[in-house]
Amino acid sequence: MKQILLITDGGSNVGESPVIAAAQAYAEGITVNVAGVIDDGTIGEYGSVEIAEIARAGGGISQIVTSRQLSRTVQMMTRQTVAGSIRQAVNQELRQLFGVDNVGSLPPPKRAEVVKVMEDMEETISLSVALLIDASASMKPKLHAVEEAIRDLTLSLQARTGKSQVSVFHFPGDSQHDYCVMDAGWTSNAAKIGSLFGRIRMRGTTPTGPALMQVVDFIGETCGKISKTELAEAPLQATRGDPNEVRSDYVV
């Protein structure tokens, strides 16, 4: 499962629309979540709308948080997206195999078995999270909190049973044509996430859309393009003669 987690205070102002870029990511099997970070001030109405629209187009979730809440929010959004994607795939299989709309429509004993399989999948499915950090001038006071959130997320993913890896990018780059910079390639080792942003030169431009597309290309090159049905490649199996039959040894 592939995710981009964008951390920004909104207000893209260079290049293509980040909403269009997020939709392209989702079409290629990559979910886009967005954490909007505030400090003492507030994110303007334009920034708030943009953050919500990026996440909606990317099939993900968005939330406006303070710097102090960022670390917990990043972990929560990552796990919620995994759980939601698994639930969506399982419900699709249930409709095809048993003619029921969702897990809640199953009889209680069968429902419990499927829920247990879903919970196991949340911990065992492979997960790749690319963090895309807005390093425009307005984000400068928040970068320390961003670094802490990245380290905490990496540590939390290490505790999973399944393969987990994180990569880190920031934008804008060092020139007007350099939209995005990779700070760390795929890693599952929190110790390799050092002081990522110590030498960043803060800039006023915010090329969120082009930066998103650069990260989408990176994921495609390093992880391969995937379809939205990846989770259903090992579907629920059961004897069609009994619409209520779901055995606990079946793999979703």
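What to note about this one:
- Cα gyration tensor, region 2-142 - rounded (a/c under 1.5), prolate or oblate: prolate
- A 1.4 Å probe run over the protein chains yields, for region 1-157, 42 Å² of accessible area per residue, whole-number rounding.
- Potential lengthening between M118 and D178 on full extension [0.36 nm per residue; Cα-Cα distance subtracted]: 17.5 nm
- Taking amide H positions as modeled 1.01 Å from N, with prolines and chain starts lacking one, the residues under 5 Å from G60 and 5 or more places away or on another chain are V32.
- For region 26-166, the share of accessible area belonging to carbon and sulfur comes to 49 percent (1.4 Å probe, ligands and nucleic acids excluded).
- Neighbours of P18, meaning other residues whose beta-carbon lies under 11 angstrom from its beta-carbon, give a summed charge of -4 when Lys and Arg score +1 and Asp and Glu score -1.
- Computed packing ranks the peptides 27-38, 60-71 as 27-38, 60-71, most packed first, by mean other Cβ atoms within 10 Å.
- Given K116/K163; K140/K163; K142/K192, the pairs whose alpha carbons are separated by over 26 Å: K140/K163
- Distances between placed amide hydrogens fall under 5 Å for T206 paired with N13, V14, all partners being 5 or more residues away or on another chain.
The values are calculated or read from the model by the stated rules, or taken from the named source; none is laboratory data. Please read these numbers as outputs of a predicted model, since none were measured by experiment. Methodologically, a virtual Cβ is constructed for each residue, glycine included, from the backbone with ideal geometry; neighbour enumeration extends over all protein chains shown. Protein only, heavy atoms only, side chains kept; ligands, DNA and RNA dropped before computing areas. Shrake-Rupley method; radii C 1.70, N 1.55, O 1.52, S 1.80 Å.
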